[in-house]
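*Asks:* I have a structure here, written as structure tokens, and I will follow up with some questions on it.
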Amino acid sequence: MVDWLSHVLLAWIICQILSVKYKFFGGRHTAIVMVGALIPDIIKVGLLFRWLDIDIWDFIVPLHTPVGAVISAAVIALFFEEQMNAFKLLVFGMATHFLFDLPLAHVSGGMLMLFPFHWGRYQVYLIPTDDCIVPILASVVAIVIYIVKSRVTAKNQVGS
Ligand SMILES: [Zn+2]
């Protein structure tokens, strides 16, 4: 089950690994990537409307497609001072979202990856959506990275 916690953790893990070589992904930029990783799931507001007995799924379904998410990222990036950097980071986060959603066995039959050009639904069908191995694994890896990183930082501070 790649839930919000997993998406945020996986984005953080990827940024921590990349920031070793590319400083661009470190610090405050990591937080923007983590926000980007949740953009496609803005679609979940549909659950609130369903609870209110209003059916808006057909209108918001493009939000959970790469094209829809890039447009959402562009709109959100407008609220940042460095809009282009924010946009790049949000799109990167969004890409991690689809990367980790793809191996899921979706109940809906997959994701509209080529919307609006093609209505085919795609999925790799590896992990059942009710499997909690992903959040557990992501949490363990994140904790290990966090511990290693704080040890390295502490060692560097002693050394300097
Ligand atoms: Zn998703």
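The values are calculated or read from the model by the stated rules, or taken from the named source; none is laboratory data. Since we're looking at a predicted model, the values are computed, not measured. When we count neighbours, we look across all protein chains shown, and the Cβ atoms used for this are built from the backbone with ideal geometry, even at glycine.
*Asks:* Does residue 57 qualify as being over 27 Å from residue 148 (Cβ atoms), within 16 Å of the ligand (Cβ to nearest atom), modelled with pLDDT under 90 and not polar (S, T, N, Q)?
*Replies:* Yes: the conditions hold for residue 57.
*Asks:* Another question, if that's okay. Of all residues being exposed (fewer than 15 other Cβ atoms within 10 Å of the Cβ) and in contact with a Gly (Cβ under 7 Å, 6 or more places away or on another chain) in segment 56-80, which is farthest from residue 37 (Cα to Cα)? Just the residue, please.
*Replies:* 56
*Asks:* If you don't mind, there's one more thing I want to ask. When only residues in segment 86-134 that are touching a Gly at 6+ places or on another chain (Cβ under 7 Å) and aliphatic (A, V, I, L, M) count, which is farthest from the ligand (Cβ to nearest atom)?
*Replies:* Applying the filter and picking the extreme gives 89.
*Asks:* Under 18 Å from the mean Cα position of the chain (by Cα), surrounded by 10 or more Cβ atoms within 10 Å (Cβ to Cβ) and part of a helix (DSSP H, G or I) - does that describe any residue in segment 120-131?
*Replies:* Within segment 120-131, not a single residue is under 18 Å from the mean Cα position of the chain (by Cα), surrounded by 10 or more Cβ atoms within 10 Å (Cβ to Cβ) and part of a helix (DSSP H, G or I).
*Asks:* Among (1) within 18 Å of residue 12 (Cα to Cα); (2) under 16 Å from the mean Cα position of the chain (by Cα); (3) surrounded by fewer than 17 Cβ atoms within 10 Å (Cβ to Cβ), where does residue 103 come up short?
*Replies:* Result: residue 103 fails condition (1) only.
*Asks:* While we're here: Are any residues in segment 7-22 within 13 Å of residue 143 (Cα to Cα) and within 16 Å of the ligand (Cβ to nearest atom), and if so, which ones?
*Replies:* Within segment 7-22, 9, 10 qualify.
*Asks:* Sticking with this one: Among what's in segment 81-95 and is in contact (Cβ under 8 Å) with a residue 24 or more places away in the chain and over 13 Å from the mean Cα position of the chain (by Cα), pick the residue that is surrounded by the most Cβ atoms within 10 Å (Cβ to Cβ).
*Replies:* Ranking the candidates gives 86 first.
*Asks:* Going through 27, 36, 46 one at a time, which residue ends up being free of Cβ contacts under 8 Å to residues at least 12 places away in the same chain and more than 12 Å from the ligand (Cβ to nearest atom)?
*Replies:* Testing whether each residue is free of Cβ contacts under 8 Å to residues at least 12 places away in the same chain and more than 12 Å from the ligand (Cβ to nearest atom) leaves just 27.
*Asks:* Against the condition small (Gly, Ala, Ser), on the phi < 0 side of the Ramachandran plot and free of Cβ contacts under 8 Å to residues at least 60 places away in the same chain, how does residue 77 come out, does it pass?
*Replies:* In short, yes.
*Asks:* Mind listing whichever residues of segment 80-115 are among the charged types (D, E, K, R) and at positive phi?
*Replies:* Answer for segment 80-115, where residues must be among the charged types (D, E, K, R) and at positive phi: there is none.
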